[in-house]
Every structure is written in structure tokens, then in C-alpha cells.
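Enquirer: Before I ask anything, here is the structure I am working with.
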Amino acid sequence: MQLGRLGATGMSVVLRCVICSIATLPSAYAFEEQSSIKGSVPIIESNAHRGQIGRTVVAANTANSLINDAHAFKSCVDFTEAQLGPHPLSEGLGDEFVGPFASWSNLKTTFGAKGDGVTDDTAAVQAALDSLSASAGRSPALFVPAGTYLIKSTVTVAGASGISVIGQDPTTTILKWNGEGGGTLLHINSVAYSRFDRLTFDGSGTAGVVIDQSSVPNTPHAYFDTGNEYADDIIKNGGIGIRAGANGAGAAESSVLRVKFLNNTVAGIALKNFNALDWWVWNSDFENNAVGITNYANGSGAGNFHAYNNIFKNSKIADLTLLNTGQFNFRDNYSSGSSMFLNEQFYYTNAATTRVQGNTIIMPSIRPDGNAAYVGNTIGQGNMGPIILSGNTFVSPPNAGPHPPVEVYGQYWPECISISNTFTVPVTMTCVGGSPAGAWSTSQHVASVNDKVVSASSASPAPPKLPGVLPSRNRTIIDVAPGSDSGAIQEAIDKASKMCGQAPVVHLPYGTYALTDGVTIPANCNIQLVGDGNQTRLMLYGTGAALTLQGPSRAILREFYINAGKGTGIEVKSADQLGSRVYGQQLLVNRSAQANVFVDGLDYTDVEFDDAEFAYTAAAPPIGGIGLKVVGGPLAQTGKPRYGRTNVFAGSGGANAVTFDVSKGATLMARDFWYEGTNPTVYARISDNSSVTLEGSRMAVPRDGDSVDIANLSCAASVLLNAPDAQVKVTGNGGGKVWVLGNNFSQAMTWWKDSAGSGTNLFNFNRRADPIEGSVAIPDANPPPSDGSLLAAFAQSDYTKPGDIRDLPGGVTDVRLYRVEVELGAFGVHVGR
């Protein structure tokens, strides 16, 4: 997907234009259908007054009553209840590294690099990178065996898509800077959908930039910089670890997975312009950097980023900093010994919607920046927000100063919502503005529910254990000849099926494969089908499915492209067993006529997509397609929802008629998603007894349309902390609840149209972009929400977490898709009963 973005310095609005029947339950779960375990409900504390969030304790029985009131619909999901869902085996294996393959080039044997830590390997590395361009006629994968490769001048890969630079192991495979001070080790120029994994990039204490993902104008065969992956790397001893978008062009939709950023004197990751967007950073370790992740370094920068389940230690300035505004989401991180966790520098009236959820922050008694006056202050937001904090733990040191852990300030009153946070000091948070006295009341813009103060000794958990470098398990590999037909691929799969339980690999080297018939992977067999990236191309000629995964399937698909033609790309059959899962990481599905992904009638299966792309269902040839369509199963449709969930944890899309369509009792969480479309389009359409939360996302739809269209809803929908360009519309007489809280409506013409007449919907704490005054408050359409309403509005978000992707028990669906791309067809991916 090639996306361009335009913006102006300091503005919170960024415009991006598009260019270019009931399942049988396994006996192991049968007893769990008989009962459910009610999740514990903590004590509610609320009420706010000017400049400081106060604490009024509500009795526990009242809190339970409020929660029960909020979930009064008997046929709707109660997210506070313990969910069965997938239960990974205690000894179950997670993801693994597969490769190297015979089709890959080798930096030593193919290009003559020495890797001895003495020889200058710059020329050999550059020759290897030059060979990866799309026109080179060879596999776009380069394997870097163990060694230390000295780099004396910048090495560059340019104008390529679907390439892979893969090291043997980051602890033994090192690209080490040996050039002049202030230089750049690796420049990634106009490269898309590519991987740079399992390597150490060492700046030696002198490199100004270790990795620069920045397009240079007029680069031959240029691609928009998007869809790249950095996984299992160590990036250390530089000024900036990864710099993105330094030349003003885009550098977007990039995934950072299990990477160590160590001892970088400016920042681990620095985004440099308004098109450097959607950087998703997962399970990474930031230690002893000046800043962990930022969009403002060395006097310039912009863009947006998201951080999930990372560890930050001893950041001299802050773990996370930003100046220019956008959408930011920081979830489930752990910080210890840093001067600050989050510093959003003051930028007048512009707004950065910021979600701070589930983080643990251990503040030092001596800040690395030496600022004694701010000891114990760890979040500062200097823009108009809104900011929503929930489920965080703030552990202040004994010598905490006068500044509270959280300070929010702006030229006018910002919007602040604090829910179920734990503090260790009595003054917990301020939310103030510099507007003329009496212009707005603080109570209109601040809410605190269920926040509590405890002793520091009871709130200092140990850091989490991050996942390590993916192991290599030396699977049996069956190579298919490049360019083979569907019969040859099926023959290889049939051969692999005799090794079920051993996760054999059927490898499709670089090339084009014409599928006159579909290929089928049998049920209950953990076959891995692996390509060399998106230049392994499966082309379907016919109306069936390119790949059929017989159910319950345990297939693992990696690193290839499917053109579904007039058929279906991937058909997952019989997928609805209790405890089943379909998982996609960096799944790209575009241009399907009906739906890019169709989750079709599942009651029991969890479907999860991380860093996904669903796009172009309203670009020729499709006209009215859906990005992700989710329809509830037979039980859910009759008001008896079970345990199936569909969750999108970060992603992007554009040019869809509808991006998310949820109906008939389905459950969807879609968060941290960037969407843009210029044609008539709706970001999300929700109906019936469905349960949906849309959160932390950009919804760039036409201003005179609808961003979210909710009709005849009888359960609940939450629209939280998004940036929509059009109104949320509620119609029909379903009697459900809709909460629209903490959104920044950009320059939408209208914001809220509630013609349902139920009297239970809420529109509060929202803002809009005024072309003269910046971000200003929208008057609330409702009285201040009750504590129970706020808890219920955030329940799906706060009780929904990414899955533990390890092996599931036998007899249930356990499908995993890693960096698979599907295009065209009626459906890209169809997951059915």
C-alpha cells in the first residue's frame, strides 16, 4: 500500500492521501462451559476539582452495582468476566526462525565478506545489498552468517520491495561502524515490505545514525517506505538507533519486534517528518538511551508511534517524547530508573490524543537528567490532548517533589480521563489550562474513576520477561522448484503431511507459481508453508481458493504473496472449536471485491491481527468492499455470545468502502489503526447485538460523511480517543449503549448525530480542530458520565490483551500467518465454521 501524507508543523491534523451449526467442544473444555468466573471489581474513587484529581471512595458493593448496571443486557458480552479463549500448552512452542534456505545468497560465500573484525567488508556488504533489488533476478534474501563485519562508509539498499537481510544470531552477527564520526552505518532508501532481522548494528560510539530509513528524492525504482520489519536485532552505540523520514518522504507502517536499543546518545528511534507514521514497537528493550522513542530529535521531527510491552531503563531524558502532534498509544510497558516515562512538550493549542494503558513506571530518587525539582514526575503532557490513562501503576520515590506523577497542561483546558490507576502519593495528577478564568469549568474536562493510592512497597512489581530471539529448530525442509504449478506444490505438502507433529517446512523459493487448481493443507497437521518474501508469488487461475486450510487447521504460513484473481486467497475451514485461534502478524490484504478478511460466523475462535493492513476495497477493480467483516456465530446471533473475539491490535488501511463491518452479535476490538479515504466511505459500521470498541485510531474519511455508523445496536459500542474527520451517527431502536469519549474530531463538519432516542448514549470529553484556535472543546451532549458508565465504556479495552501465541492443544484451530500478502479475489482471507 503506497500512502502519502501531508501536514504542517505543529498541527494535530495530518492529511494522508491514497496514491496509487454449533461446533463440537473438545472434552478438555467441556466442564468450562458450565460456569464462568466473575472478574474482580475494584473500589471506585472519583470526583475532581480544579487543578487536582481528588479521591472519593465509593463502597465496593456500589461499584459492583454500577458494573452490573452497565452490563444489564443479558444477551451481550460482559468483558469483566474471565474469558476462556485459547489456552496455550504450558510446554507449547511459540514462533521460530525458519531458514536460511538454499535459494538465499550468503554474505560470505556469495560475496566474499570476511567477517573477521579486521577486514574492511564495506564493498562486499554493498555488493550484497545491490543484489537485492527487484531487477536482479535472484532471491531477494541475504543471509549473514556469524562474524563481525567492519563498515567504513555508509552501505545502502535502495529501490526494492520484499527483500530480507537476515543474520544468523544477533549475539554473533555484527555489522560494526568503523568510519568517520557522525556517519550513518546502513541507509534504507525507498524500500518497502522488507525485513532486517537477527543482526547487531553497532555504531561503535561514533556513528551519528545507525540505521536510516529515509527515502531520497529521484531514487530509481523507488518504493514508498512502508511495511518494513526490524526483529530480533541489537541496535547500539550510536547517536540515533533508527532514524525514519529524514529527507521529508514517508517512512511508515514499520514493525519493531524484540529489538534491543542500547546506549544511543540521542534516541533509540527518532521520527523526522509528518509522513513518518505508524511505527509499532513491540516487546523491545531500551536501556541507557537519552530517549527511547521520539518524534523530535536534534531540533526537528514529526510523525506518530506506538509502544507495546517494552522495557525502558535509565533513559536520561525520557522513555518517550514528542512535540508535533498526532495519535499515540502506549500500552503495557515497564519503565525503571528513567527521568520521565512520557514527555509531550508544550505545543500551544494543538492536540495529541494519547492513550496510556497498563504501564508500570518505577521512578528513581535521582533522575538521570539531574532535575531534583521534578523527582517523582513521570508524565507531562503539554498539549490539548485528550489523554486517557487506565490501569497504570506509578511508583514514586520517597523523596518525590511537589510535582505529581502526572501533569497535563495546555493553553486551554485539556481533556483528562483517569480510570483504575494506582499511585503511591496522595496528589496524583493535575489537569490544568491557561484559559481565562471561568471560560470552562474543570469538571467538564476531568474525570477520575477507581484511582487508588497504596504504599510503594505493595506496588513495585519486577520487570516482565521479554520474549527472546526466535529460536531455530532445524525443521525438515522440502524445497519446491521455482515456478512450479499447483500440482508440484500439493505433492510437496502431501510429502510433508507424513511428518505431522514435526512442523516440516515446504519452501517456495523466489519466483511466480501459477495455480490452476487450489492447494490444500490437511487438518491437524502443523505444516509450514514459507516463501522468500512477497516476490514469491502465487497466482490463482480459477474461482476456488488458492490455499485451503482444512480444519481444524494447524498450518503456519510465512513470507509470500497471493493474487487471488476471481477466487479466494486463503480459505480456513471448520475453524470454530472452543479454544481455537487464527493469528496474523503483519498480514496485508488488499483489493478484495467483497471483504479483504471475512470472519464468518464464529462463536468460539479468537482471531487476532497485529500490525495489519486492510485496504483498497473501493479502488478499481473493487468498488464496495469491506476491509474486515465480522459476523457473529449462531449462538451469538441468538443472544448467547460465547468466547470468540476478533481483535486488531494496530494497523492501517485506505480506500475502503467500509473498513470494519460488525454485525449479528460479533465482537471486535480495533485499536491504533490509521485509515484514510477520499471517496465516500465509512470507517466502521456496527449493528445488531454486537460489542465493539474503536480506539486510538485515525479515521480520515470525507468530512460530510460518517466516520462510524451505528444502527439498531442492542449491545454496546465505545468510540474512544480517536481522530475522526466526520461524525459518529447512531440510528435505530436497538436500545444499546454508545459511548463517544475523548476523541479529537479534526475539522469535521459535525461530530455527533444521535437519533436513536434511547437516552442512554454518551458524547463527552471530545474536542475538534478549529483552524484559528487549534484544538477546542466540543460542548458535551450529555451530563457528566456516571462512574459505572465510564467503567463500562472502557471495559472491552481494559480487559482485552494480545494473545500468548504458543501452541494450542490438539483438535482445535491454531492457524498463524506471518507477513503474508493477499490481493484481489472475492475474499482475501475467509475464516469459516
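The values are calculated or read from the model by the stated rules, or taken from the named source; none is laboratory data. This is a predicted model, so every value here is computed, not measured. Note: ideal-geometry Cβ built from the backbone for every residue, glycine included; neighbour counts use all protein chains shown. Please note that ligands, DNA and RNA were not included when accessible areas were found on the heavy atoms of the full protein model with its side chains. Shrake-Rupley method; radii C 1.70, N 1.55, O 1.52, S 1.80 Å.
Enquirer: I'm told residue 700 meets every condition in (1) within 16 Å of residue 662 (Cα to Cα); (2) modelled with pLDDT of 95 or more except one. Can you identify the failing condition by its number?
Expert: (1) is the only condition that residue 700 fails.
Enquirer: Going through segment 253-302 one residue at a time, which ones are open to solvent by 20 Å² or more (accessible area, probe 1.4 Å), of a type in the set (D, E, K, R) and more than 16 Å from residue 466 (Cβ to Cβ)?
Expert: 272
Enquirer: What's the number of the only condition in (1) in a strand (DSSP E or B); (2) more than 16 Å from residue 327 (Cβ to Cβ); (3) of a type outside the set (S, T, N, Q) that residue 665 fails to meet?
Expert: Checking residue 665 against (1) in a strand (DSSP E or B); (2) more than 16 Å from residue 327 (Cβ to Cβ); (3) of a type outside the set (S, T, N, Q), the one that fails is (1).
Enquirer: Filter segment 321-355 down to residues that are open to solvent by 10 Å² or more (accessible area, probe 1.4 Å), assigned to a loop (DSSP other than H, G, I, E, B) and of a type in the set (Ser, Thr, Tyr), then give me how many there are.
Expert: 3
Enquirer: Please determine, by comparing only the residues of segment 566-585 that are among the small types (Gly, Ala, Ser) and closer than 20 Å to residue 613 by Cβ, which one is nearest to the chain's Cα centre (by Cα).
Expert: 584
Enquirer: In addition: Within the group 708, 692, which residue is among the aliphatic types (A, V, I, L, M), closer than 21 Å to residue 356 by Cα and in a strand (DSSP E or B)?
Expert: Answer to the selection: 692.
Enquirer: Can you tell me which of (1) under 29 Å from residue 511 (Cβ atoms); (2) in a loop (DSSP other than H, G, I, E, B); (3) open to solvent by 60 Å² or more (accessible area, probe 1.4 Å) is the one residue 494 doesn't meet?
Expert: (2)
Enquirer: Next question. Filter the strands (runs of 3 or more DSSP E) completely within segment 740-814 down to those with at least 3 residues that are within 29 Å of the chain's Cα centre (by Cα). Don't jump to the end; show me each part of the working.
Expert: Working: elements: 752-754, 762-764, 767-770, 774-777.
Counting at least 3 such residues, we get 762-764, 767-770, 774-777.
Enquirer: Within segment 593-607, identify whether any single residue is out of contact with any strand residue (DSSP E or B) (no Cβ under 9 Å at 6 or more places or on another chain), open to solvent by less than 10 Å² (accessible area, probe 1.4 Å) and of a type in the set (Ser, Thr, Tyr), and answer yes or no.
Expert: Scanning segment 593-607, I find at least one residue that is out of contact with any strand residue (DSSP E or B) (no Cβ under 9 Å at 6 or more places or on another chain), open to solvent by less than 10 Å² (accessible area, probe 1.4 Å) and of a type in the set (Ser, Thr, Tyr), so the answer is yes.
Enquirer: What are the residues in segment 478-499 that are among the acidic types (Asp, Glu) and either touching a Cys at 6+ places or on another chain (Cβ under 9 Å) or within 13 Å of residue 517 (Cβ to Cβ) (or both), if any?
Expert: Within segment 478-499, 485, 491 meet the criteria.
Enquirer: Can you tell me how many residues within segment 540-558 are open to solvent by 10 Å² or more (accessible area, probe 1.4 Å), under 16 Å from residue 484 (Cβ atoms) and either within 29 Å of the chain's Cα centre (by Cα) or among the hydroxyl-bearing types (Ser, Thr, Tyr) (or both)?
Expert: So the answer is 1.
Enquirer: Name the residues in segment 515-537 that are open to solvent by 40 Å² or more (accessible area, probe 1.4 Å) and of a type in the set (A, V, I, L, M, F, W, C), would you?
Expert: none
Enquirer: Please go through (1) part of a loop (DSSP other than H, G, I, E, B); (2) open to solvent by 10 Å² or more (accessible area, probe 1.4 Å) for residue 384 and return the number of the only condition it doesn't satisfy.
Expert: Only one criterion in (1) part of a loop (DSSP other than H, G, I, E, B); (2) open to solvent by 10 Å² or more (accessible area, probe 1.4 Å) is unmet by residue 384, namely (2).
Enquirer: If you don't mind, there's one more thing I want to ask. Given 584, 624, which one is assigned to a loop (DSSP other than H, G, I, E, B) and not hydrophobic (A, V, I, L, M, F, W, C)?
Expert: Exactly one of 584, 624 is assigned to a loop (DSSP other than H, G, I, E, B) and not hydrophobic (A, V, I, L, M, F, W, C), namely 624.
Enquirer: Just to be sure I understand, how many residues within segment 92-123 are among the acidic types (Asp, Glu), open to solvent by 20 Å² or more (accessible area, probe 1.4 Å) and touching a Lys or Arg at 6+ places or on another chain (Cβ under 9 Å)?
Expert: 2
Enquirer: Looking only at segment 303-315, which residues are open to solvent by 10 Å² or more (accessible area, probe 1.4 Å) and either touching a Lys or Arg at 6+ places or on another chain (Cβ under 9 Å) or within 24 Å of residue 275 (Cβ to Cβ) (or both)?
Expert: Matches in segment 303-315: 308, 309.
Enquirer: Could you name every one of the strands (runs of 3 or more DSSP E) located completely within segment 200-315 that has at least 3 residues being under 22 Å from residue 335 (Cβ atoms)?
Expert: By residue number, 234-236, 240-244, 254-257, 260-262, 267-271, 279-282, 285-287, 291-294, 305-308, 311-313.
Enquirer: Could I ask something else about it? Across segment 387-399, what is the total count of residues that are out of contact with any strand residue (DSSP E or B) (no Cβ under 6 Å at 6 or more places or on another chain) and farther than 15 Å from residue 454 by Cα?
Expert: Here the count works out to 1.
Enquirer: Only one of these is β-branched (Val, Ile, Thr) and surrounded by fewer than 20 Cβ atoms within 10 Å (Cβ to Cβ): 148, 173, 200, 184. Name it.
Expert: Going through 148, 173, 200, 184 in turn, just one is β-branched (Val, Ile, Thr) and surrounded by fewer than 20 Cβ atoms within 10 Å (Cβ to Cβ): 148.
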